[in-house]
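Below is one structure, written out as structure tokens; comments come after it.
Nothing in this text is a laboratory measurement; each read-out follows from the coordinates by a stated rule. Since the model is a prediction, treat every value here as computed from it, not as a measurement. Cβ sites come from the backbone with ideal geometry, for glycine too, and all protein chains shown count toward neighbours.
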Amino acid sequence: MTILRSDLAIIAANVDAGSRLLDIGCGNGDLMAALRDGKGCDARGMELDASNVSAAMARGLSVIQGDADADLATYPDAAFDYAILSQTLQTTKRPDLVLDELLRIGKRAFVSFPNFAQWRIRLALAFGGRMPVTKQLPDRWYDTPNIHHVTVDDFRTLLNERGIKVEGQWFLSGGKQTTSAGANLLAEHAVFLLAR
């Protein structure tokens, strides 16, 4: 049995058994396999990296190679109970449009992302003067897949502007859940459950 990354474990714990879901940016399929095997979910995936697609398919998962920025438009409205975008939002060209697509094809959406306003990142910039390389953000500025540096407060503002409801929110620091108080400063990662 695979131990899930902390944000994926939160998502898995909050998905209803027997749900239909699309995991966009599914990687090697860890979350999909856990939900298929543990909750009887009809789990589908979309992944950009061909080697991850192959690894997921080798596990018996239904995964296609695709790009969240371009390929979500091919899915019909309300095709899934959940659309899941974990640690991928910040790598998309138009996160606002991807978010709209998630909530069009899924009745609800889980979105998780690294919080770029977390205090360690702020300190590294303030005192080191360079983009930080941390456990949560291990890539250097020139080879990172992250093209949008989203914060918890930025994301909440986007949700308000688009009239998106927050049904659940979880914040992680050191892989463990932390309080929502001061999440923009203290949380390394955020997980949101969204609906229209």
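Points to keep in mind about this one:
- Choice from G18, G128, G38 showing the highest fluctuation, given a GNM over the chain with Cα pairs closer than 10 Å: G128
- Order of E167, E161, E188 under a 10 Å beta carbon neighbour criterion, fewest first: E161, E167, E188
- Residues whose amide H falls under 5 Å from that of V63, counting only those 5 or more places apart or on a different chain, are G45, with hydrogens built in the peptide plane.
- Shown here is the pair-distance distribution of the stretch 1-40: with all Cα-Cα distances grouped in 10 Å bins from zero up to the longest one, the shares run 30, 65, 5 percent.
- Cα gyration tensor shape of the stretch 134-187, rounded if a/c is under 1.5, else prolate or oblate by comparing a/b with b/c: oblate
- Calculated [222 nm] ellipticity per residue, helices only, for the chain: -8500 deg cm²/dmol; basis is -39500 (n - 2.57) per DSSP H run with n ≥ 4, divided by all residues, nearest 500.
- Relative contact order (%) - the chain, alpha-carbon pairs under 8 angstrom, separation at least six: 20 percent
- When each of the peptides 106-114, 168-176 is scored by how many other beta carbons lie within 10 Å of its residues on average, the order from highest to lowest is 106-114, 168-176.
- Cα gyration tensor, the stretch 19-79 - rounded (a/c under 1.5), prolate or oblate: oblate
- Per residue, the convex hull spanned by the Cα atoms of the chain amounts to 116 cubic angstrom.
- Each Lys or Arg adds one and each Asp or Glu subtracts one; over the other residues with Cβ under 13 Å from the Cβ of A55, this totals -2.
- Here the stretch 1-114 is treated as a sphere whose radius is the Kirkwood value from Cα pairs; by Stokes-Einstein at 10 °C and 1.306 mPa s it diffuses with a coefficient of 116 µm²/s.
- Take every pair of alpha-carbon atoms less than 8 Å apart whose residues are at least six positions apart; their mean separation over the length of the stretch 7-102 yields a relative contact order of 30 percent.
- Cα→Cβ-extended label distance, 7 Å offset, between M131 and I147, nm: 1.3 nm
- 3J(HN,Hα) along the stretch 114-124: x, 8, 6, 9, 4, 4, 5, 5, 4, 5, 4 Hz, from the Karplus curve 6.51 cos²θ - 1.76 cosθ + 1.60 with θ = phi - 60°, whole Hz, x for Gly and Pro.
- log10 of Debye I(q)/I(0), alpha-carbon scatterers only, for the stretch 68-119 at 0.16, 0.19, 0.25 Å⁻¹: -0.44, -0.59, -0.93
- Residue among T134, T178, T88 with the largest mean-square fluctuation in a Gaussian network model of the chain, springs linking Cα atoms under 10 Å: T134
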